[in-house]
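K.L.:
I'd like to ask some things about the structure below.
What follows is calculated from the coordinates using simple rules that are stated; it is not laboratory data. No experiment lies behind these values; they were computed from the predicted model shown. Quick reminder, even Gly has a Cβ in these numbers, built from the backbone with ideal geometry, and neighbours come from all protein chains shown.
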Amino acid sequence: MNDTMTLSQRADALEQKMSDELDYIVIKSRLYSMADADMSPAPNAAALMAKNPRARVLMGDDPRLPAMPKQPTLIDFFKYRFGPAAHLLQSARHAVRGGLPEKMVLACLLHDISTIGFIRGDHGYWGAQLVEPYVDEEVTWAIRAHQVLRFYPDESVGYEYPASYVKTFGADYQPDEYVAEDYKRMKSHKWYMSGRMITVHDIYSFDPDVRVELEEFTDVIGRNFRQPREGLGFDNSPVAHMWRAMIRPAKYL
Ligand SMILES: [Fe+2]
Ligand SMILES: [Fe+2]
């Protein structure tokens, strides 16, 4: 590869090299390409296959990712897709110590699954949608709300606008209009305090040496998350395809 290639050209060249050597071709969803500011048309599968007749596009499991069981549980997603989940585990433990009811401990454990496993922007909305068929309605509501309420202080529970937001978004950052509108609706909702509690236990300054294991919450999950028998992604729920997207994020069609 020469030095005049752009980052995205290098990535493409690498992918091409991989495709030549392997018997599969990875073609990214548009969302990933746009995240790289790449508005070019999708790679031509037929042209790539012509160069390597053995190759096929990915329609099954992605061999580059950890294999998942056929009927994956929430715990399997934590293990094989969500990656290190220290922030969620520590938030959940913090919630236990703060005396929150069990279902709200689950809400704290799940509040950022979209950030660590799916899509970052609007992660509270995505995360709430992912778990909606499997948890108490209040848990879904609170996960959605935490994303909005994080931007607004509440002195009554000692919650301040996060210092980390000033740093990462700039001191003059204002939440989007739809967030401000949602805040107006949420602050007078009967479950406001449940959403607020996620923000209170949403801890960012934790001891990196403290380890919390997922096993600490096996029972909380067991009692409060209705794990579908068929596995997440295969239960014919309205969000099953979203879980499948995490199982096979590069599936061609
Ligand atoms: Fe969050
Ligand atoms: Fe969080």
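K.L.:
Cross-link partners among aspartates and glutamates for Lys251, C-alpha distance below 17 Å, same-chain residues fewer than 8 apart left out?
P.N.:
Candidates past the 8-residue exclusion: Glu15, Asp23, Asp61, Asp62.
K.L.:
Helix-derived [θ] at 222 nm for the chain: sum -39500 (n - 2.57) over DSSP H runs of at least 4, divide by residue count, nearest 500?
P.N.:
Result for the chain: -13500 deg cm²/dmol, rounded to the nearest 500.
K.L.:
Once you wrap a convex hull around the alpha carbon atoms of segment 1-131, what is its projected area averaged over all directions, in nm²?
P.N.:
Averaged projected hull area, Cα only: 10.8 nm².
K.L.:
Take the alpha carbon gyration tensor of segment 146-196, find the square roots of its eigenvalues, order them as a ≥ b ≥ c, and report rounded if a/c is under 1.5; if not, report prolate when a/b exceeds b/c, else oblate.
P.N.:
In terms of gyration-tensor shape, oblate.
K.L.:
Next question. Between Ser8 and Ala163, how many nm apart are label points set 7 Å from Cα along the C-beta direction?
P.N.:
The answer from the label model is 3.9 nm.
K.L.:
Given a cut-off of under 8 Å on Cα pairs at least six residues apart, what relative contact order in percent is computed for the chain?
P.N.:
So the answer I get is 24 percent.
K.L.:
Along the charge dipole of segment 148-251, pointing to its positive end and built from +1/-1 on Cβ of Lys, Arg, Asp and Glu, which listed residue (Ala245, Val166, Tyr204) has its Cα farthest out?
P.N.:
Of the listed residues, the answer is Ala245.
K.L.:
From the backbone phi of segment 59-76, what are the Karplus-calculated ³J(HN,Hα) couplings (6.51 cos²θ - 1.76 cosθ + 1.60, θ = phi - 60°) in whole Hz, Gly and Pro given as x?
P.N.:
For segment 59-76, the Karplus-derived couplings read 10, x, 5, 8, x, 7, 9, x, 5, 10, x, 5, 10, x, 9, 4, 5, 4 Hz, x marking Gly and Pro.
K.L.:
Amide H of Ile25: which non-local residues (sequence gap of 5 or more, or other chain) have their own amide H closer than 5 Å, using H built in the peptide plane?
P.N.:
Result for Ile25 returns Arg56, Val57, Leu58.
K.L.:
Please list, ordered by chain and number, the residues whose modelled amide H lies under 5 Å from the amide H of Tyr159; skip anything fewer than 5 residues away on the same chain.
P.N.:
Hits under the 5 Å cutoff: Asp154.
K.L.:
Reachable lysines from Lys103, Cα under 28 Å, same-chain residues fewer than 8 places away excluded?
P.N.:
Partners within reach: Lys70, Lys79, Lys184, Lys187, Lys190.
K.L.:
I'd like to compare 188-201, 31-44: which one has the highest average count of other Cβ atoms within 10 Å, and what's the full order after that?
P.N.:
Peptide ranking by packing, descending: 188-201, 31-44.
K.L.:
Assign unit charges at the C-beta atoms only (+1 for Lys and Arg, -1 for Asp and Glu), then state the dipole size of the chain relative to its Cα centre in Debye, rounded to the nearest 20.
P.N.:
Dipole about the Cα centre, nearest 20: 600 debye.
K.L.:
Roughly how many whole Å is it from the C-alpha centroid of segment 37-52 to that of segment 152-199?
P.N.:
Distance between centres, Cα-based: 43 Å.
K.L.:
Per Stokes-Einstein, at 20 °C and 1.002 mPa s, what whole-number D in µm² s⁻¹ belongs to the chain, with the Kirkwood radius over Cα pairs as the hydrodynamic radius?
P.N.:
D, rounded to a whole number, is 105 µm²/s.
K.L.:
Looking at Ser33, Leu89, Pro53, which one has the Cα that reaches farthest to the positive end of the dipole of segment 1-133 (charges on Cβ: Lys, Arg +1; Asp, Glu -1)?
P.N.:
Checked the options; the winner is Leu89.
K.L.:
Among 104-111, 134-141, 59-66, 226-233, how do they line up by average Cβ neighbours within 10 Å per residue, starting with the highest?
P.N.:
Highest to lowest by the protection proxy: 104-111, 134-141, 226-233, 59-66.
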